[in-house]
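Working notes, beginning with the structure itself.
Here, each number is a calculation from the coordinates, and none is a lab measurement. Keep in mind that this is a model prediction, so the values were computed, not measured. Positions of Cβ are backbone-derived with ideal geometry, glycine not excepted, and every protein chain shown enters the neighbour counts.
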Amino acid sequence: MFRHIASAAAAVLVIGQTAALVAQNAEPTKVFVVNTQDASVSLVDLKAMKEEKRFPVGQRPYGIAVMSDARRLAVGVEDEEAVKFFALPGGEPVGKVPIGKMFNDHLVLTPDGKRLLLANFYSDDVVVIDPSEMKEVGRIEGCSAPHVVKYGPLKRNAYVTCKKITGIAIIDPASQALVKFHQLNVNPRSLTFAPDESKLYFGSFWVNGFFEMETESGKVTKLFSFEPPANNRGDQEVTYHGVEAVLPNILLAANEGRSYVDSVDVITGKLLDRLTSAFRPCCIERIPGTSPVKVLISNLGDGSLQVVEVADNGKLKDLERVKVGAAPKRVAFLPPAAK
């Protein structure tokens with residue numbers, strides 16, 4: 001009898017894990033975006049491409065994450081020096097975690113949904129937050145002025161861009177420890193990865209290109225650089241900002257300063273396509289579960305979210321866009337099952 005009970009329990013566990021995996025990879029119908037210059041968050045219906053609601057969160061919002069139960073939203077509100085929590089679907093404030101001084105601090109939910117990680121620029125720490133209790137439960141030291149925190153495809157380690165001693169930190173959130181720090185000669189912006197996590201990619205300031213780095217050795221192996229338009233060749237501090245791997249060998253890179261998005265084959269180094277309808281694009285996020293692949297582009301220039309389709313050959317198709325608030329940046333998808 002006990003064997004049957006154990007078998008049934010194991011089956012339920014497997015079914016539960018499978019359901020969670022399906023939900024994680026299902027196509028969402030709604031997305032939240034932080035409007036960094038008007039103290040708000042917008043909820044966008046991706047099917048109707050319409051801003052469904054906009055609610056205030058506090059001055060200078062930046063990092064954003066939806067809790068796995070879809071009942072709360074976490075937002076880093078930098079003028080209040082806190083991560084604030086809002087009830088869904090209404091957006092009412094329900095609590096906050098004091099952080100201290102903040103600056104463009106990225107926020108990510110761990111794959112098991114049990115912790116939030118905040119890359120805190122001024123403290124040199126990655127702050128670990130328990131979202132159920134809405135309290136800080138630890139800090140991962142050894143990151144120098146951290147900015148981006150993002151999991152690799154293997155979902156074990158998280159990677160952090162560091163701005164003071166410039167480099168990439170690799171952290172193990174489970175043990176709350178620094179695994180490795182790779183010092184770089186450039187200031188890394190944004191992060192994305194090869195499917196097997198053997199390489200990562202990042203942009204930088206004053207460089208009209210983006211870099212490839214081996215995650216194990218920290219060796220920078222390639223600079224992908226492409227000719228800008230003839231009428232916009234001058235040196236710029238802000239060039240490539242967001243980078244996002246969308247297919248096994250294809251990466252999209254948003255050139256914020258020159259207002260275009262490049263599609264690049266990172267194996268051959270070839271520029272596959274260039275989308276010029278973006279307007280100061282900063283962040284690119286792949287929409288889960290889409291086939292053909294679709295991405296969301298946050299446009300600083302006109303305060304819009306733009307949906308772009310990526311063909312298997314890397315060609316880009318501008319589908320539509322929706323106006324949101326001023327200077328939209330980071331996004332967080334609402335799980336498909338959420339109402």
Restricting to Cα pairs under 8 Å and 6 or more apart, the percent relative contact order of segment 102-170 works out to 24 percent
Quick one: what are the phi-derived ³J(HN,Hα) couplings along segment 217-231, Karplus 6.51/-1.76/1.60 with θ = phi - 60°, whole Hz, x for glycine and proline?
8, x, 7, 7, 9, 8, 10, 9, 9, 10, 4, x, x, 4, 8
Under a 10 Å cutoff between Cα atoms, tell me which one of R156, R54, R258 has the largest fluctuation in the Gaussian network model of the chain.
R156
Whole-angstrom gap from segment 83-103 to segment 153-184, using each part's C-alpha centre:
25 Å
Just to be sure I understand: with springs between alpha-carbon atoms less than 10 Å apart, which residue in G63, G152, G203 has the highest mean-square fluctuation in the Gaussian network model of the chain?
G152
To the nearest Å, what is the center-to-center distance of segment 221-249 and segment 262-296, using C-alpha atoms only?
12 Å
Anisotropy class of segment 60-131 from Cα gyration tensor, a/c 1.5 cut
oblate
With no solvent and one equal point scatterer placed on each C-alpha of segment 186-328, evaluate the Debye formula and give log10 I(q)/I(0) for q = 0.11, 0.19, 0.20 Å⁻¹, two decimals.
-0.36, -1.12, -1.23
What dipole magnitude, in Debye to the nearest 20, does segment 79-210 give about its Cα centre under +1 on Lys/Arg Cβ and -1 on Asp/Glu Cβ?
340 debye
Which entries in the list K47/K315; K199/K270; K53/K329; K135/K155; K53/K315 go over 25 Å, if you measure between the two C-alpha atoms of each?
K53/K315
Can you list the HN-Hα couplings for segment 115-127, worked out from phi with the Karplus curve (6.51, -1.76, 1.60; θ = phi - 60°), rounded to whole Hz and with x for Gly and Pro?
9, 10, 10, 10, 7, 9, 3, 7, 8, 6, 10, 9, 7
Would you mind working out the magnitude of the charge dipole of segment 233-300 relative to its Cα centre, with +1 at each Lys and Arg C-beta and -1 at each Asp and Glu C-beta, to the nearest 20 Debye?
160 debye
Could you name the aspartates and glutamates whose alpha carbon sits less than 16 Å from that of K84, not counting residues in the same chain fewer than 8 places away?
E92, D105, D130, E133, E136
Among S144, S263, S217, which one moves the most in a GNM of the chain with springs linking Cα atoms closer than 10 Å?
S217
If I model a spin label as a point 7 Å beyond the Cα along the Cα-Cβ vector, how far apart are those points for A70 and E52 in nm?
0.8 nm
Percent RCO, i.e. relative contact order, over the chain, from Cα pairs under 8 Å lying at least 6 residues apart
14 percent
Out of every Cα pair in the chain, what percent are spaced more than 30 Å from each other?
34 percent
